[in-house]
1. For the structure I just gave you, tell me whether Ala254 is in contact with a Gly (Cβ under 9 Å, 6 or more places away or on another chain), modelled with pLDDT of 95 or more and within 29 Å of Thr150 (Cβ to Cβ).
2. Look through Asp341, Asp306 and report the one residue that is in contact with a Gly (Cβ under 7 Å, 6 or more places away or on another chain) and closer than 23 Å to Val246 by Cα.
3. Go through the stretch 405-450 residue by residue and tally those that are farther than 22 Å from Ile361 by Cβ and of a type in the set (Ser, Thr, Tyr).
4. Looking only at the stretch 164-188, which residues are over 14 Å from the mean Cα position of the chain (by Cα) and of a type in the set (A, V, I, L, M, F, W, C)?
5. In this structure, does Ala55 turn out to be out of contact with any strand residue (DSSP E or B) (no Cβ under 8 Å at 6 or more places or on another chain) and buried (at least 19 other Cβ atoms within 10 Å of the Cβ)?
6. For residues that are touching a residue at least 12 places away in the same chain (Cβ under 8 Å) and out of contact with any Cys (no Cβ under 9 Å at 6 or more places or on another chain), scanning just the stretch 54-65, find the one that is farthest from Lys33 (Cα to Cα).
7. Quick check on the stretch 178-220: of everything there that is under 27 Å from Leu122 (Cα atoms) and outside the structural domain of Asn245 (by TED's automatic domain parsing), which residue is surrounded by the fewest Cβ atoms within 10 Å (Cβ to Cβ)?
8. Answer yes or no as to whether Lys142 is in a loop (DSSP other than H, G, I, E, B) and touching a residue at least 12 places away in the same chain (Cβ under 8 Å).
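The values are calculated or read from the model by the stated rules, or taken from the named source; none is laboratory data. Source: prediction; values computed, not measured. Positions of Cβ are backbone-derived with ideal geometry, glycine not excepted, and every protein chain shown enters the neighbour counts.
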Amino acid sequence: MRDRYVSPLSERYSSREMQYIFSPDMKFKTWRKLWIALAETEKELGLPITDEQIAELKAHAEDINYEVAQEREKLVRHDVMSHVYAYGVQCPKAKGIIHLGATSCYVGDNTDIILMREALRLVRRKLLNVIAELASFAEKYKAQPTLAFTHFQPAQPTTVGKRATLWLQEFLMDFEDLNYVLGSLKLLGSKGTTGTQASFLELFEGDQERIDRIDPMIAQKMGFEACYPVSGQTYSRKVDTRVMNVVAGIAASAHKMSNDIRLLQHLKEVEEPFEKNQIGSSAMAYKRNPMRSERIASLSRYVMMDALNPAVTSATQWFERTLDDSANKRLSIPEGFLAIDGILDLCLNVVDGLVVYPKVIEKHLRAELPFMATENIMMDAVKAGGDRQELHERIRQLSMEAGRNVKELGQENNLLELIAADPAFNLSLEELQKAMDPARYTGRAEVQVDAYLDKVVRPLLEENRELLGMKAEIHV
């Protein structure tokens, strides 16, 4: 297929597992399962449908005669009725009861919900594994001091592990949101052309009690707890909005982490995995570009923008339904999931192989640490008999001088030497250098990491331990 467009989401980024969820095969097999569930429900509620007809439908639930459906669609221009026809060709005894009382949205919308549920389950599993890898990384580097940044300017030190918990916490927020939306998904059920179940009123001769049982029975057969209690012809497109907002939230968290990793790789403090034969640049052979983190950011922007599609579609639906949602849904929902699938694989791969360079981190930290240690130095000097106010002014002046040496002259930070040479402090250079242990200035970072992992993250991972152990395959 070199002469036609092929989506890079399928060819380059998403897993085969996610691609299958949104494949025609998964879609049309789900249609047949829904037709079987409808027929069984109608039989159980007293309509004249036989066991033989149900058995015939089940016998051909998987072996779809696609060629027959395609030829029929050329004639009638209707995908659902083409597949009803094709199913009937395989099931002549059941032909007359396939799709009985239903409208196209019975198979179309219920299948969309089922596919989104399966896709969310796969996303949940991959997100959980990213959380597990980040937890391991945070544990490993919980005590590794590093320069923290506010406004991307040097700030009070933190630890590499503590910074990782900031990424971790955002993914946990996404996990909570995903669980809520996944747990609240319901089927449309079978409610007819405008949601009134008028066709079933005819089929069941006005028996309200039996009609009330249709949706719960179908839901139970399809593995759902319930159907939405009211609808027009379709389930509310607000459902799509809620689902894709969760997906976009995960993308935002991944984007933030990937940005931090890219900046840290520029500083040569942290580096994403780089394979033995990988080429960083076609022109500059020495380069090791953070291309996986860049791809995370790139795909994440796509997903965040894609989430606008269901929101606008939901807002612009007319009354009981319009069809301007259909083409948009065919694109925005599957492609949003294919993209987030690729993003999570990349996140898993990057975090699993993230390389930390403690010597570079220490070098950068020690270049800034004298400025950050001035309050401690001042307190030590006061204990040695100095005047606090006078020392504060002297440190301010010496800090300005050291700053000029660094910025204007390109020299190393010599603040400690300047302080040692000032008799007002009565401190030797050796005494000052002993105070430059970076671990003294990271506050409760290590304690916070331990507490967060023990109280929040590990219980979650233990609860879902059967889903852990995934490894990501990166195609390019």
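1. When the stated conditions are applied, Ala254 does not pass them.
2. Numbers: Asp341 fails: in contact with a Gly (Cβ under 7 Å, 6 or more places away or on another chain).
Result of the check over Asp341, Asp306: Asp306.
3. Total meeting the criteria: 1.
4. Scanning the stretch 164-188 gives Ala164, Leu166, Leu185, Leu187, Leu188.
5. Details: out of contact with any strand residue (DSSP E or B) (no Cβ under 8 Å at 6 or more places or on another chain): yes; buried (at least 19 other Cβ atoms within 10 Å of the Cβ): no.
Judged against the criteria, Ala55 is not a match.
6. Asn65
7. Going through the qualifying residues, I end up with Gln220.
8. Taking the combined requirement at face value, the residue satisfies it.
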